[in-house]
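Trainee: Take this structure first; my questions come after.
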Amino acid sequence: MPEKPLAQVGRVAFRVEGESWNAYYALPDTMKDALLLGSIRFGAVAGNAKRKAAFMEIMRDIVTDIIEERLWIRPTWGGPNTAPEHERSGSA
């Protein structure tokens, strides 16, 4: 019997806000009530792909651990997606 596909329970969203690059846990289709996970000065990752990827991996791992602890399932992640147009404004 084939396994039932799992539902997306959330995502990690990254936003440049002022001089910071913030990572949030958000529901799949909204930033409403998003939870701030962590922040780094944008200048520390701008132009440094390795450091940027490391920050993204740490934030994703935090969410992975929390989901696994609460739902007893280790989530899998797809590749990055561009934020929906309604979530983009200025540098947010």
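Trainee: Could you work out the relative contact order of region 11-77, using alpha carbon pairs under 8 angstrom and six or more residues apart, expressed as a whole percent?
Mentor: Once normalised by length, the contact order is 23 percent.
Trainee: Apply the Karplus curve 6.51 cos²θ - 1.76 cosθ + 1.60, θ = phi - 60°, to the phi angles in region 69-81 and return the couplings in whole Hz, x for Gly and Pro.
Mentor: 3J(HN,Hα) across region 69-81, in whole Hz: 5, 8, 10, 6, 10, 7, x, 10, 10, x, x, x, 10.
Trainee: Please list 3J(HN,Hα) in residue order for region 37-47, calculated via the Karplus relation 6.51 cos²θ - 1.76 cosθ + 1.60 where θ = phi - 60°; whole Hz, with x for glycine and proline.
Mentor: 9, x, 8, 9, 4, 4, x, 6, 10, 4, x
Trainee: Starting at the first residue of region 52-57, write each ³J(HN,Hα) from the Karplus equation 6.51 cos²θ - 1.76 cosθ + 1.60 with θ = phi - 60°, in whole Hz, x for Gly and Pro.
Mentor: 4, 5, 5, 4, 4, 5
A short reminder: the numbers here are calculations on the coordinates, not readings from a lab. No experiment lies behind these values; they were computed from the predicted model shown.
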